[in-house]
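> Input: one structure, supplied below.
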Amino acid sequence: MALLTSAPRGTQDVLPADSYKWQYVEKVASEEAKIFGYRELRTPTFEHTELFHRAVGDTTDVVQKEMYTFKDKGDRSITLKPEGTAGAVRSLVENGLLNDTLPVKVFYITPCFRYEKPQAGRLREFHQFGVEAFGSANPVIDAETIQVAHSILTRLGIRNLSLEINSIGCPTCRAKYHQALYDYFAQRKDQLCDTCKGRLQKNPMRILDCKNETCKEIAAAAPKVLDYICDDCRAHFEGVKKALDAAGIAYAVNPTIVRGLDYYTRTVFEFLSNDIGSQSAVCAGGRYDGLVEEMGGKPLPALGFGMGLERLILVMERNGCEFEQPAPCDIYIGSMGEKASSEAFRLVSRLRRDFGIYAECDLMGRSVKAQMKYANKIGARFSAILGENELEQQKLVVKNMASGESRELDMGEGFLEKLADHMAYEQLYNACEDVEKLFHSQQ
């Protein structure tokens, strides 16, 4: 029978053999964010299209080329969210959370959607871990936000990373920079791609993000934003650098970073890796001090970052990073015969419910030999076989699959407690042996 359909281009299945990697990365990112005082926020997968036009910007590639937008049955324009920040701001404004004690700090793990050419670490449906902090204009919180990302990447064991930072100024001083860019690119307008010719009038900064090779060559010699920022923005940027120095986080100033979304102001940053082909960002973010007001809230400074989980996992794999492995089966209780099979199911049900033990039994009607082969395949730490003799004598032989040693347990009163205690003791003993072997190997 032919396959009915396949996954859409630019999407992927996360199979059970790999899902533990995702669970580990999400766990580490969430735990590190919580250490810095962030709480989880969950927002809808789709929003009203207007949200992204206002927040992300009409002149960005995201809005112009990459959004998945459609009309719903009520003839409303709906968009699958292309990034996490706009929805987070909308949620906090709508639910009045920004009227609470400041700063308000949230993190999220969310699917995002962008119609672009699929490539390594870049899919049309991707998943993003992000943090957002609201209420502080202090440059120290810029450094702290960067520190959250740094802590996550460090704990995951990723090497060969570099942090690059820049300031793109405030709307006041950026107007002068826009004029300088306009003057520069207007002299070279005939060489620009059609998209950038349109950007020239609306937002010449977007030309700096163009992927067209000719536009990139022209942009390389364009005026640099740091030459145009005002004294207040320069002092803020110096404060960010001072705080990063205090935190012991190495960085380089890259005046070409402008980020691809219109809501950014002042600090912008990227963590870059060379392990997925050309140098590519595994985490990026910055300030967006005007976005809350743009979304209908009170004027409030804010900043955050996002990191794509697909790209992050790919970098970890190429770095040889270790992922926390899923816990193996604690015990497999095999059986022979209908009565023994029923009792095995009862026992594993009790072990799961009353002791939180990962227990399995036969569900396929396999032979005893096939059952033990399956127990080995799922990595069961212990195994036992129930048959007529075991039921009649009320004795069960429990085998340690690692050492091969066995112990007979009485199946009378308190049997499951004894079984759980025995397994816990054996696992602790094996762990101590492993530590001792490691200690002697290093002498």
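The values are calculated or read from the model by the stated rules, or taken from the named source; none is laboratory data. All values reported here derive from a predicted model rather than from experimental measurement. All Cβ positions, even for glycine, are placed from backbone atoms using ideal geometry, and neighbour counts span all protein chains on display.
> Taking into account only those residues within region 119-149 that are aliphatic (A, V, I, L, M) and assigned to a helix (DSSP H, G or I), which is nearest to Glu32 (Cα to Cα)? Please lay out each step first, then the result.
Start the filter on region 119-149 by keeping residues that are aliphatic (A, V, I, L, M), which leaves 120, 123, 131, 133, 137, 140-141, 143, 146, 148-149.
Filter again for assigned to a helix (DSSP H, G or I), leaving 140-141, 143, 146, 148-149.
On the way: Val140: 18, Ile141: 16, Ala143: 15, Ile146: 12, Val148: 7, Ala149: 9 Å.
It comes out as Val148.
> Please count how many residues of region 216-239 are touching an Asp or Glu at 6+ places or on another chain (Cβ under 9 Å), free of Cβ contacts under 8 Å to residues at least 60 places away in the same chain and part of a helix (DSSP H, G or I).
1
> OK, next. Suppose the filter is in the same structural domain as Gly135 (by TED's automatic domain parsing), within 28 Å of Ser151 (Cβ to Cβ) and exposed (fewer than 12 other Cβ atoms within 10 Å of the Cβ); does Lys21 pass it?
no
> Could you list, in sequence order, all residues of region 151-190 that are farther than 30 Å from Leu312 by Cβ and among the hydrophobic types (A, V, I, L, M, F, W, C)?
Hits for region 151-190 are Cys170, Cys173, Ala175, Ala180, Leu181, Phe185, Ala186.
> Hey, can you tell me all the residues within region 354-376 that are of a type in the set (Val, Ile, Thr) and under 33 Å from the mean Cα position of the chain (by Cα)?
Ile357 - this is the single residue of region 354-376 that is of a type in the set (Val, Ile, Thr) and under 33 Å from the mean Cα position of the chain (by Cα).
> How many residues are out of contact with any strand residue (DSSP E or B) (no Cβ under 9 Å at 6 or more places or on another chain) and surrounded by 13 or more Cβ atoms within 10 Å (Cβ to Cβ) if we restrict to region 360-381?
2
> Suppose we keep only residues that are hydroxyl-bearing (Ser, Thr, Tyr) and in contact (Cβ under 8 Å) with a residue 12 or more places away in the chain within region 145-178. Which one would you say is surrounded by the fewest Cβ atoms within 10 Å (Cβ to Cβ)?
Thr172
> Kindly check whether there is at least one residue in region 369-376 that is without any contact (Cβ under 8 Å) to a residue 40 or more places away in the chain, closer than 28 Å to Tyr24 by Cβ and either touching a Leu at 6+ places or on another chain (Cβ under 6 Å) or not hydrophobic (A, V, I, L, M, F, W, C) (or both).
yes
> Would a scan of region 305-312 turn up a residue that is in contact with an Asp or Glu (Cβ under 6 Å, 6 or more places away or on another chain) and either more than 19 Å from Asp275 (Cβ to Cβ) or among the small types (Gly, Ala, Ser) (or both)? Explain how you work it out, then say what you get.
Of all residues in region 305-312, those in contact with an Asp or Glu (Cβ under 6 Å, 6 or more places away or on another chain) come to none.
Scanning region 305-312 turns up no residue that is in contact with an Asp or Glu (Cβ under 6 Å, 6 or more places away or on another chain) and either more than 19 Å from Asp275 (Cβ to Cβ) or among the small types (Gly, Ala, Ser) (or both).
> Scan (1) crowded, with 16+ Cβ neighbours inside 10 Å; (2) touching a strand residue (DSSP E or B) at 6+ places or on another chain (Cβ under 9 Å); (3) closer than 21 Å to His150 by Cα for the single condition Gly239 breaks and write down its number.
That leaves (2) as the condition not met.
> Restricting attention to region 242-253, which residues are under 20 Å from Cys170 (Cβ atoms) and crowded, with 17+ Cβ neighbours inside 10 Å?
Ala243
> I need the full set of residues from region 179-192 which are surrounded by 16 or more Cβ atoms within 10 Å (Cβ to Cβ) and either of a type in the set (Gly, Ala, Ser) or assigned to a loop (DSSP other than H, G, I, E, B) (or both), in order please.
Ala180, Arg188, Leu192
> What number of residues in region 193-211 are modelled with pLDDT of 85 or more and either over 19 Å from Arg259 (Cα atoms) or surrounded by fewer than 16 Cβ atoms within 10 Å (Cβ to Cβ) (or both)?
3
> Sticking with this one: What are the residues in region 387-413 that are exposed (fewer than 11 other Cβ atoms within 10 Å of the Cβ) and part of a loop (DSSP other than H, G, I, E, B), if any?
Hits for region 387-413 are Gly404, Glu405, Gly412, Glu413.
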